[in-house]
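Some notes on the structure that comes next.
Throughout, read-outs are computed from the coordinates displayed, never taken from laboratory work. The shown structure was predicted, so the numbers you read here are calculated from the model rather than taken from an experiment. Here Cβ is always computed from backbone atoms with ideal geometry, including for glycine, and neighbour counts include all displayed protein chains.
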Amino acid sequence: MTETSVTSRPLRRRIRALSDRTIAWLFVAPTIFLLLAVNIFPLIWTIRLSFTDFRANRPNRPVEWVGLENYRRILTDPDIWNTMQVTAHFLVWTITLQVLIGFTLAWLINRKFKGNDLWTTIIVLPMMLSPAVVGNFWTFFYQPQIGLFNYVVSFFSGVDPSSFSMIGSVNLAPWAIIIVDTWMWSPFVMLICLAGLRSIPDYIYEAAEIDRASKWRQFWTITIPMVLPFLMLAVLFRGIENFKMFDLVVQLTGGGPGSTTELASINLKREAFEKWRTGYSSAFAVILFVTVFGLASIYVKALNKVKDR
Amino acid sequence: MTGSITEPSARQKTVAGSLVILYAIITILPLVWILMTGFKTGPDSISYPPKVFFQPSMEGYVNLFTSRTRATPEQLATLPAPENFADQIARDRGMIITGPSKFGERFLNSVIIGFGSTFLSIFLGTLSAYAFSRFKIPLKDDLLFFILSTRMMPPIAVAIPIFLMYRTLGLSDTHLGMILLYTAVNISLAVWLLKGFIDEIPREYEEAALIDGYSRFQAFVKVVLPQAATGIASTAIFCLIFAWNEYAFAVLLTSGTAQTAPPFIPTIIGVGGLDWPAVAAGATIFLLPIMIFTILLRKHLLRGITFGAVRK
């Protein structure tokens, strides 16, 4: 750096500016390159495959260009509509339950009782764990007769523990996956709500007290509106994650019994890696991606409106 | 502000505290049960009613780490005395240990791939985050959104071409392939989190260093990095947890050499589907490091989760 002191001021600045720009690109380029290679290139490939009848288990077979045929078949396939219904049921219930439980917990923890951070951490533990391993050991809890879950239910309700099977019954299996997902992810909603609650300055409540607003009124006119943007963000994250849900449910029920818990990703995996209908499943993957992206964009617009209010 | 009118009353605190503690106990129960099941014998693990008190046994752990074969009592009688407690346990069940199981290898794969991809994500992520935080980059907001949007993709949606691509490049079932893949998934989060942390470091520190004759790169290494250390550490934990827990890509792209523990653990159950103590032992060994991490580093972790939300 000794020579820079010799050069004139504007030139020195120019050298520095130039090297800043080089550094900027050197620093950003590897990330962009990696994302292009491992995310964007495969995505474009998926889109290309979706117009063909390619089968990945027979790479040497001549590939036919089928145009929109795959898309037409997907939109008229009753299996796909069943999958979308199962996914919607799962999404609506997990999000509803997680918002209720998560918000309530955050609201209680915000009373700042003694030792609240340790208990918060314990509540958070399930969401840190591997969903596949969690799903696997919950099949153990759901065993009729010997399972812990069935035992606890029968202990409190008096129902015979071997009389019902959470993952074997067509009516109960959709709830079995909702219960585990809620157990695992309510803490996430809780943490985000807690951040929201903690961001509300005390003076707003103090002003409301001076105006003699009831606690009930304060809750609905201060707490809820102030936490709402945070809550909506938590719902966005959970929505995206659960739309993609695969690992937990595949280990828990494998999509069964029948196809009562066959979520979109599980159906996709079956089409792509068991039936090897690569072209068809690529088209379904594109439809799913566009759906997530579209819904998320609309939602983000709504979220920004709420935030601006 | 202490003792202000908005401070919750003592009674409120007690009620809220008890409800939260009750929920915490219910939520932790399945995890405690897994821990206990790992130390039960086969019959104890599936007894009705479920056993809370039992004679602890290392059988689950022995079964987890070894492969065994059944032997007749006559065969057993001809063998020399058991060398260690594992031998003893196996023989009590009429089995002979034939060698180590694959669990050790799978666990090691998880460690290699987890730490490898975390290191790479943090290395690349810190560089990009610094550039995004400090320099004028054309289309900066678009690039940042692009980086984030790659996280919205369902893994299975890109798994098909990645599967084909890896097959062509010879990256299927390799450590390198999995490390690159997990890095690509983690880097979006890493860039966003780290940019937040680096934004918080006052620019004046670097400017002072630049005036003192440091080059931009030296200022980055000697001034910015030490300041961002806490942020880097908590981001690293998130990346590690993701890579450690990932299942969808692992089950599709690995089968042998590079298979990680999550796709392996469910297969421990064995013939007849009854060896729950071994599964529980595997789950315990796999999940315990994460639980301990979470409890020890709770301040940084909890901040990291809410960071994105608070920031935007």
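7 Å from Cα along Cα→Cβ at both A:W65 and B:Q12: what's the point-to-point distance in nm?
A separation of 6.9 nm, rounded to one decimal place.
Taking the Cα-to-Cβ direction at B:T98 and at A:F155 and moving 7 Å from each Cα, how far apart do the two end points lie in nm?
It is 4.1 nm.
Cut-off 10 angstrom, C-alpha nodes, Gaussian network model of chain A. Which of A:V86, A:V38, A:V249 fluctuates the most?
Highest fluctuation of the listed residues: A:V38.
Where a ≥ b ≥ c are the square roots of the eigenvalues of the C-alpha gyration tensor, would you call chain B rounded, which needs a/c under 1.5, or, failing that, prolate if a/b is larger than b/c, or oblate?
Oblate, since a/c reaches 1.5 and b/c is not below a/b.
With springs only between Cα atoms under 10 Å, which of A:F219, A:F289, A:F27 fluctuates most in a Gaussian network model of chain A?
In this elastic network of chain A, the residue with the biggest mean-square fluctuation among A:F219, A:F289, A:F27 is A:F27.
Taking only Cα atoms and a 10 Å spring cutoff, compute GNM fluctuations for chain A and point out the largest among A:I222, A:I167, A:I109.
A:I222
Based on the Cβ-Cβ distance of A:T22 and B:R167, what FRET efficiency does E = 1/(1 + (r/R0)^6) give at R0 = 45 Å, to the nearest 0.05?
0.75
Counting alpha carbon pairs within less than 8 Å and at least 6 residues apart, what relative contact order, in whole percent, applies to chain A?
Computed over chain A, the figure is 28 percent.
Note the count of lysine pairs whose C-alpha atoms are less than 28 angstrom apart in chain A, limited to pairs 8 or more residues apart or on different chains.
Eligible lysine pairs with Cα atoms under 28 Å apart amount to 10.
What net charge is computed for the residues neighbouring B:G256, neighbours being all others with C-beta under 11 Å from the C-beta of B:G256, Lys and Arg scored +1, Asp and Glu -1?
0
Can you give the FRET efficiency for B:N84 and B:L274, using 1/(1 + (r/R0)^6), R0 = 35 Å, r = Cβ-Cβ distance, to the nearest 0.05?
0.90
Summing Lys, Arg as +1 and Asp, Glu as -1, what charge do residues with Cβ under 15 Å from the Cβ of B:I21 carry, B:I21 excluded?
Once positives and negatives cancel, what remains is +3.
How high is the relative contact order of chain B, in percent, counting Cα pairs under 8 Å that sit 6 or more residues apart?
Result for chain B is 27 percent.
Tell me, what is the FRET efficiency for B:L176 and B:L108 to the nearest 0.05, using R0 = 25 angstrom and their Cβ-Cβ distance as r?
Computed FRET efficiency for B:L176 and B:L108 comes out at 0.95.
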